[in-house]
Structure formats: C-alpha cells, structure tokens
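Take a look at the structure below.
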Amino acid sequence: MSRRGLLVELVGPIVDDRDAVRRTLADALGIAGVTVRPGALDAVVGGTAGWALETTLGGHGRDVDAADIATLRTTWSRALRRELAVEAEAIDLLRRCEAAGQAVGVVASVPHDAVPDDVRPWLVPASDDDRAGAPRPDALVHWLAARALPPAEVLGVARSPAVMLAMAGARVGRVMRHGSASGAEALPWDGSVASLAALRP
C-alpha cells in the first residue's frame with residue numbers, strides 16, 4: 001500500500017536537542033527559584049509544556065499559579081528556541097515527501113514558540129490540551145481526519161515512547177523508532193531508522 005502521509009516527532013528525528021529540552025527547562029525553573037532535584041525531570045520531559053511545568057512546580061512544593069506557568073513557559077521557549085538545531089537532511093526529506101503529494105505532520109510536545117521556523121508549516125500539537133501530560137492520540141486523529149487520511153496509509157517516526165504510543169493510539173499504520181529509544185523495547189514499533197534521510201518519499 002502506498003504511503004499518503006508522514007508523521008514525525010520533532011525532537012530526535014528533526015532537531016538534535018543535545019539534551020536542551022531538559023537543560024533549558026531546569027534553567028527556567030531555576031530562575032523561578034526552584035532547584036530541580038536529580039531525576040525530577042525524567043518523568044515530565046516529553047510531556048506537554050504546561051503539564052511539565054505545573055507538575056515540576058507542584059512536585060517541588062510550589063503553589064501553581066497560571067501567571068507563573070505563562071512566565072516560565074515564555075522563558076523556557078526563548079531559551080530552547082536558541083538551542084534547537086534543525087537537521088537539514090530531515091527538512092529536505094519532509095519537503096520531498098510533500099512535493100510527492102504526501103501530507104506531512106511534525107509532532108511537538110515542546111512549547112510551540114520554541115519550534116524552529118523551518119518546521120512550523122507542518123506543526124501538529126502533541127495534544128489538544130496543553131495540561132494533558134503525555135502526548136495524546138486525539139490531536140493526531142484530528143490531523144488525519146482533516147486531511148481525509150486513512151491511518152493505515154500513514155508512516156510515523158518517533159524517538160520518545162510517549163509519542164510512539166500516541167501514534168499507535170491514533171492507529172497510524174506503521175510506527176518506526178528513531179535511533180535507540182530507551183525503554184522502547186516493549187512498545188508498538190515496526191522497525192527502526194537511524195536518520196530520516198534513510199526514508200524515501
């Protein structure tokens with residue numbers, strides 16, 4: 001069956017974050033006076049931005065205020081945007097897929113203000129609810145429906161277990177693991193790819 005769509009996670013396959021998501025989140029919280037405990041970000045990195053901030057603040061005994069979340073989100077976004085390095089070969093592959101008539105979507109759970117300009121035309125929010133936590137299938141289902149795409153004819157590529165599960169929950173036909181995702185052995189992936197450049201439009 002021919003491929004009619006491609007869904008790709010932002011961090012990993014398209015941008016080399018060099019652990020910038022975790023580092024800039026810790027820095028933003030530090031500006032707010034929160035010293036992040038070792039390992040405290042492991043459970044929130046990869047979740048939606050608002051949820052990650054709210055959960056970490058609460059876990060460190062801070063009252064969660066909407067204004068504080070908005071300020072921290074802006075601080076985090078600005079710092080992260082400066083650090084995300086777009087892989088030129090990945091962007092080239094997405095453009096070639098689009099030119100071949102395929103629908104292209106980029107799944108991002110980082111603050112949307114941090115998403116590089118080259119990727120913005122393809123942006124798919126990780127969830128319809130910024131406080132939902134892990135990426136959810138609902139946003140992907142809506143993306144598929146808006147383009148009248150049968151899920152079985154879409155390929156997904158993801159690094160994080162959370163995005164793999166969201167793609168599987170949206171019944172994406174084939175989900176490929178990007179690189180060596182820790183803890184992904186028991187997840188619903190159908191193969192692995194070291195680089196998007198290895199795929200064909």
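Per-residue extension of 0.36 nm, minus the Cα-Cα distance of SER192 and ASP42, leaves a gain of 51.7 nm for this segment. Sorted largest first, the spans of the alpha carbon positions of the range 1-81 along the three principal axes are 52, 24, 23 Å.
Each of ARG95, ARG73 has some number of other Cβ atoms within 10 Å of its Cβ, and from fewest to most they run ARG95, ARG73.
First select every other residue whose beta carbon is under 11 angstrom from the beta carbon of ALA158; then total the charges, Lys and Arg +1, Asp and Glu -1. Provide the component values of the computation, followed by the final result.
Details: positive: ARG159, ARG177; negative: GLU9.
Here the charged neighbours net out to +1.
The GNM of the chain, with springs linking C-alpha atoms under 10 angstrom apart, assigns the highest mean-square fluctuation among GLY39, GLY30, GLY105 to GLY39. Distant-in-sequence amide contacts of VAL104, defined by a placed amide H-H separation under 5 Å and a gap of 5 or more residues or a different chain, comprise LEU6.
Considering the dipole of the chain built from charges on the beta carbon (Lys and Arg +1, Asp and Glu -1) around the Cα centre, which of VAL21, ALA40, THR55 is farthest to its positive end? Farthest along the dipole direction, towards plus: VAL21. The label point for GLU87 and the one for HIS142, both projected 7 Å from the Cα toward the Cβ, are 2.8 nm apart.
Count the DSSP beta bridges whose two residues both fall in the chain, then state the antiparallel fraction as a percent rounded to the nearest 5. Write down the numbers at each step before the final one.
Details: 2 of 22 bridges.
Beta bridges within the chain, antiparallel portion: roughly 10 percent.
The long axis of helix 20-31 is offset from the longest Cα principal axis of the chain by roughly 20 degrees.
Find out how many positive minus negative residues lie around ARG4, taking Lys and Arg as positive, Asp and Glu as negative, among other residues whose Cβ is under 11 Å from that of ARG4.
Working: positive: ARG3, ARG147; negative: GLU153.
Every neighbour counted, the sum reads +1.
Available extension along the chain between ARG171 and ALA32 is 46.0 nm, counting 0.36 nm per residue and deducting the alpha carbon span. Other residues within the sphere of radius under 12 Å centred on the Cβ of ASP190, judged by their own Cβ, net out at +2 (K and R +1, D and E -1). Counted residue by residue at 0.36 nm each, then reduced by the alpha carbon distance between them, the extension gain from ARG95 to HIS60 reaches 8.3 nm. Annotation: peptides 3-12, 158-167, ranked by per-residue average of other Cβ atoms within 10 Å with the highest first, follow the order 158-167, 3-12.
Each reported figure results from applying straightforward, stated rules to the coordinates on display, with no laboratory input. If you're wondering where the values come from, they're calculated on a predicted model, not measured in any experiment. With ideal geometry, Cβ positions are generated from the backbone for all residues, glycine too; neighbour counts draw on all protein chains shown.
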